[in-house]
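Heads up: the structure comes next, in structure tokens.
The values are calculated or read from the model by the stated rules, or taken from the named source; none is laboratory data. Everything quoted here is computed from the prediction, not taken from an experiment. Positions of Cβ are generated from backbone atoms using ideal geometry, with glycine treated the same way; all protein chains shown enter the neighbour counts. For the accessible areas, the whole protein counts, side chains as well, though only heavy atoms, and no ligand, DNA or RNA atoms are used. Shrake-Rupley method; radii C 1.70, N 1.55, O 1.52, S 1.80 Å.
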Amino acid sequence: MDLKLNNKVALVLAASKGLGKAIATALSAEGAKVIIGSRNETELDKAADEIKQLTGNEVIAIPVDVSKADEIEAFVEKAAGAFGHIDILLNNAGGPPFDKFENFDDEQWQKAFDLNLLSFARLSRLVLPHMQKTGSGRIINIISGSVKAVLGNSVLSTSMRMGVVGMAKLMADEFGPYNITVNNVAPGLILTDRIKHTLPQDTDPEQALHEKTKGIPLGRIGKPEELAALVTFLASEQAAYISGTTIQVDGGANRSIY
Ligand SMILES: NC(=O)c1ccc[n+]([C@@H]2O[C@H](COP(=O)([O-])OP(=O)(O)OC[C@H]3O[C@@H](n4cnc5c(N)ncnc54)[C@H](OP(=O)(O)O)[C@@H]3O)[C@@H](O)[C@H]2O)c1
């Protein structure tokens, strides 16, 4: 299937590794011109080079801390100048810490808000005029399966992701007339550094990962490419009539019927 992504310009945030990098790679493999952003410039440049080598398409790396308004503004301005248009925005960021509700203070709540909710609002607001100009666009938010079923110790993540779900619904409503779709992708357990770093320190990592697969009907942890495949489809011409949705990529782990 030709996803008609040739020469589309995609901004992919938090993309030096993990889900963001897999998404940037998949979009680039489909012919998109990809602009990636995250904080560590060396890691980001390395990721851009790797993707370029793999796909043969243009990839631009622009360092950005998505929790900072001025850096987001500079990122979008440079990105818009690079190819003259913006067609796809992939909102993504590092995840907030896991702990019990009682252990988070105001500062940690504020940080999670800036990183995982306000950054998505800021980026979406800044790309909107570019998408309105071309008369089409795709905004895709990486959130978490915790918006569908309780995940222990994830109060910061869940609270911010629920905000993104509500915001995306409103954005889908308002942006529809401009032919811009807005959707959320909710990962279950996908093997990235974030997952490796949250394994218990006192257990063998292989064993700890195996334990985590017990509640997953498909019996294994997902691969970043498997989530990237859905994002690439949502970014495509073929997904033009899908908007305002939240789709899980979790091997069937979420047991709720609705
Ligand atoms: N993997 C899963 O199973 C899973 C499940 C549910 C939800 N999620 C969510 O999906 C998102 C991506 O997760 P992942 O597994 O891909 O994580 P990861 O492997 O740890 O990668 C995180 C990426 O985010 C970048 N980043 C972190 N803070 C940033 C900031 N302030 N500004 C810009 N970039 C930043 C990192 O680069 P720098 O450090 O250089 O900035 C890195 O490229 C997270 O929000 C996570 O909570 C993941």
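Per-residue ellipticity at 222 nm computed for the chain from its helices equals -13500 deg cm²/dmol, with DSSP H segments shorter than 4 residues left out and the rest contributing -39,500 (n - 2.57). Roughly how many whole Å is it from the C-alpha centroid of the range 154-221 to that of the range 28-56? Computed from Cα coordinates, the inter-centre distance equals 23 Å. For the chain, a Gaussian network of Cα nodes joined below 10 Å ranks Ala47, Ala112, Ala208 by mean-square fluctuation, and the top entry is Ala208.
The modelled label-to-label distance between Asp204 and Asp2, using points 7 Å beyond Cα along the C-beta direction, is 5.1 nm. Pairing the Cα long axis of helix 41-55 with the longest principal axis of the chain, what angle in degrees results, from 0 to 90 and rounded to the nearest 10? So the helix axis and the longest Cα principal axis differ by about 70 degrees. Using the Cβ-Cβ distance between Ser256 and Asp193 with R0 set to 25 Å, the FRET efficiency works out to roughly 0.30. With the simple spin-label model, which puts each label point 7 Å out from Cα in the Cβ direction, the Ala74 to Asn179 separation comes to 3.5 nm. Computed over protein heavy atoms with a 1.4 Å probe, the accessible surface of the chain works out to 50 Å² per residue. Measure nothing fancy, just the Cα-based angle from helix 119-134's long axis to the longest principal axis of the chain, in degrees from 0 to 90, nearest 10. That works out to roughly 30 degrees. Only the Cβ atoms of Lys and Arg (+1) and of Asp and Glu (-1) were treated as charged; on that basis the dipole of the range 41-161 about its Cα centre amounts to roughly 640 debye.
Rounded to the nearest 10 degrees, the inclination of helix 155-175 to the longest alpha-carbon principal axis of the chain is 30 degrees. Relative contact order for the range 9-246: 20 percent, from Cα pairs under 8 Å spaced at least 6 residues apart, divided by residue count. For the chain, a simple Cβ point-charge model (Lys and Arg +1, Asp and Glu -1, everything else neutral) yields a dipole of about 620 debye relative to the Cα centre. Annotation: peptides 86-93, 1-8, 193-200, ranked by per-residue average of other Cβ atoms within 10 Å with the highest first, follow the order 86-93, 1-8, 193-200.
Remark on the range 9-246: hydrodynamic radius 18.2 angstrom, per the Kirkwood mean of 1/r across alpha carbon pairs.
For the range 151-258, the normalised intensity computed at q = 0.10, 0.16, 0.20, 0.21 Å⁻¹ comes to -0.37, -0.86, -1.17, -1.24 (log10 of I(q)/I(0), Debye sum over alpha carbons, equal scatterers, no solvent).
Going by average Cβ density within 10 Å per residue, which order do the peptides 102-108, 22-28 take, highest to lowest? Walk me through the numbers before you get to the answer.
Numbers: 102-108: 10.0, 22-28: 27.9.
Top of the packing list down: 22-28, 102-108.
For the range 123-196, the mean projected area of the C-alpha convex hull, equal to one quarter of the hull surface, is 5.7 nm². Surface composition of the chain: carbon and sulfur atoms hold 52% of the protein heavy-atom accessible area at a 1.4 Å probe.
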